Every structure is written in structure tokens, then in C-alpha cells.
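> I have a structure I would like to understand better, so I am pasting it below and will then ask my questions one at a time.
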Amino acid sequence: MSGFLSGAWAVARKDLLLETRSRERFVSMATFAMLVAVVFSFSLDPSVRARSIAGAMLWVTILFAGTLGLGRSFALERDSEALTGILVSPIPRGALFLGKFLANLAVVLAVEAVIFPVYGLFFGLNYGAGALGLLLVVLLGTIGFMALGTLFSAMAAHTRMGDSLLPVLLLPLLIPVVIFAASATQRLLIGRPLGEVQGSLRMLLAFDLVFLFVCTASFGAVVEE
């Protein structure tokens with residue numbers, strides 16, 4: 001177990017160090033998210049209360065910004081043909097998946113730390129009352145998103161149409177996660193108590209556990225094809 005975790009940490013640390021130096025994914029994802037927020041702010045009818053649809057707007061932005069970043073998850077290894085070298089290393093396939101997953105999760109959470117203040121500024125959202133619940137919902141929803149996204153980005157990296165194929169494969173399978181995450185976010189934004197979204201939190205946790213187990217177990221077969 002210690003070897004598995006150390007291998008996962010080595011992969012995650014490598015990806016995060018490269019991202020810290022270039023900031024390529026973070027800048028592109030954050031810029032895209034802010035542009036989407038600007039478009040929403042100008043296209044929303046003044047008679048519509050932004051708070052009543054903010055949950056959907058937030059998760060649409062997270063979903064597409066995250067997919068944009070996932071498309072570059074295996075790009076460095078693919079462009080430099082380094083993936084084969086990683087695969088022949090003694091790191092278990094599951095540890096490689098977990099390391100990639102953790103790095104992707106860290107990048108997307110950093111982008112979400114930009115998205116929520118931007119939406120709060122543009123649409124006058126107050127996160128104070130339900131901040132803890134929102135944190136749980138966003139964390140659980142993002143874990144499920146990144147678990148599936150990391151697996152499918154590895155699959156798409158082996159194809160010539162990887163960047164365009166990734167959303168086609170990924171988004172339909174994310175519908176249950178997005179439904180529970182967006183509905184729980186919306187209820188918390190309009191002031192509902194945390195107890196009202198406990199069912200959604202349990203469902204998100206169940207999806208996370210299933211996705212992490214299935215993706216970790218199947219990652220080896222995916223990258224060897």
C-alpha cells in the first residue's frame with residue numbers, strides 16, 4: 001500500500017510541478033470560465049433572478065471548463081511519447097490513475113476557487129449561509145467528474161480525434177452527477193438547510209466511490225490498448 005501511494009504521489013507531484021511552471025491548463029480553464037460568466041451576465045433577462053438559476057450556471061461552467069482541462073491531461077506524455085516509459089516503470093497502473101486523478105482534481109478545484117467569486121460578483125450571490133454545504137457538494141461532484149474524466153482522457157489520448165471525442169464520451173455518463181450536484185447547489189444558494197440536500201450528498205458520495213473503484217481497476221486495460 002505504501003508503494004502504491006508513493007507512486008500515485010510521484011505522478012501527481014510531477015503533473016502539479018509542470019502545471020505550476022507553465023500554468024497552461026489553469027489559465028486557459030480560468031479564462032474560459034470567466035468568459036462564460038460574462039456571457040451569462042449579459043444574456044440573462046433582467047426580470048429573471050440570477051439566484052434562481054445560479055446552480056445550473058455554475059455547474060455548466062465547471063463542466064465545460066473542466067473538460068477543457070482534461071483534454072490536456074495526457075497531452076504532455078502523448079506529445080513527447082513518454083507514456084510508454086511511464087507504463088514500463090514499476091508504478092502500478094492504479095497508482096498512475098490515482099496520481100493523474102489527484103493532479104486533475106487539484107487543478108479543477110483551483111479553477112473553481114476562481115469561478116465562485118466571479119459568479120458571486122457578477123450575480124450578487126451570497127455563499128455565507130450555506131458555505132459548508134456548498135463546499136461538500138462541489139468537492140463530491142468534482143471528485144466524480146475527475147474520476148471519470150481522467151479515465152476517458154486517457155482513452156481519448158490514444159485517438160487522433162481525442163480533444164473532440166472526450167466530451168462525447170464523458171458528458172453523457174456525467175449526467176447523474178451533474179443532476180445531483182446542480183440541484184443541491186441550487187437549493188443551498190436559495191437558503192435551504194443542509195439537511196435538505198443530504199440525499200444528494202449521499203448519492204454523490206456513492207457515485208464517487210463507484211467511479212473511483214471502477215476507473216482505478218480498469219485504467220490498466222485502457223492505457224495498454
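> Work out, step by step, the length gained on full extension between T159 and F42: first 0.36 nm times the residue separation, then minus their alpha carbon distance; give nm to one decimal.
Residue separation times 0.36 nm, minus the Cα-Cα distance, leaves 38.4 nm.
> What is the local net charge at A147, summed over the other residues whose Cβ is closer than 12 Å to its Cβ (Lys, Arg +1; Asp, Glu -1)?
0
> Here's another thing I want to ask about it. Along its three principal axes, how long is the chain when you only count alpha carbons? Whole Å, largest extent first please.
58, 34, 29
> Positive end of the dipole of the chain, charges at C-beta (+1 Lys, Arg; -1 Asp, Glu), about the Cα centre: which of S41, F213, L165 has its Cα farthest in that direction?
S41
> What ranking, highest mean first, results for peptides 31-40, 185-194 when packing means the other Cβ atoms within 10 Å averaged over each residue?
Averaged packing, sorted descending, gives the order 185-194, 31-40.
> So what is the 222 nm mean residue ellipticity for the chain from helices alone, if each DSSP H run of at least 4 adds -39500 (n - 2.57) and you divide by all residues, rounding to the nearest 500 deg cm²/dmol?
Helix contribution divided over all residues of the chain: -27000 deg cm²/dmol.
> Regarding the range 106-157, what is the average projected area of its C-alpha convex hull, in nm²?
Average projection, Cα convex hull of the range 106-157: 4.2 nm².
> Moving on. Compute the distribution of all C-alpha to C-alpha distances in the range 147-225, in bins of 5 Å from 0, and list the percent of pairs in each, rounded to whole numbers.
3, 15, 20, 18, 15, 12, 9, 6, 3, 1
> Based on the Kirkwood radius over alpha-carbon pairs, what is the Stokes-Einstein translational diffusion coefficient of the range 1-63 at 25 °C with 0.890 mPa s viscosity, in µm²/s?
After rounding, the answer is 168 µm²/s.
> Follow-up. So what's the net charge close to E196: Lys and Arg +1, Asp and Glu -1, counting the other residues with Cβ under 15 Å from its Cβ?
+3
> Continuing with the same structure: I'd like to verify something in the chain: which complete DSSP H helices, judged by Cα projection on the helix axis, reach 15 Å or more and average at least 1.0 on the Kyte-Doolittle scale?
TM-like helix candidates: 24-43, 54-70, 93-123, 131-156, 162-173, 175-189, 198-224.
> In addition: With Cβ to Cβ distances under 12 Å as the rule, what net charge do the other residues near F180 carry (K, R +1; D, E -1)?
My count for the surroundings of F180 gives +1.
> Something else about it: Relative contact order for the range 108-225: what is it in percent, counting Cα pairs under 8 Å that are at least 6 residues apart?
After rounding, I find 35 percent.
Any read-out appearing in this document is the output of simple, stated calculations on the displayed coordinates, not a laboratory observation. Source: prediction; values computed, not measured. FYI the Cβ positions are ideal-geometry reconstructions off the backbone, even for glycines, and counts take in every protein chain you see.
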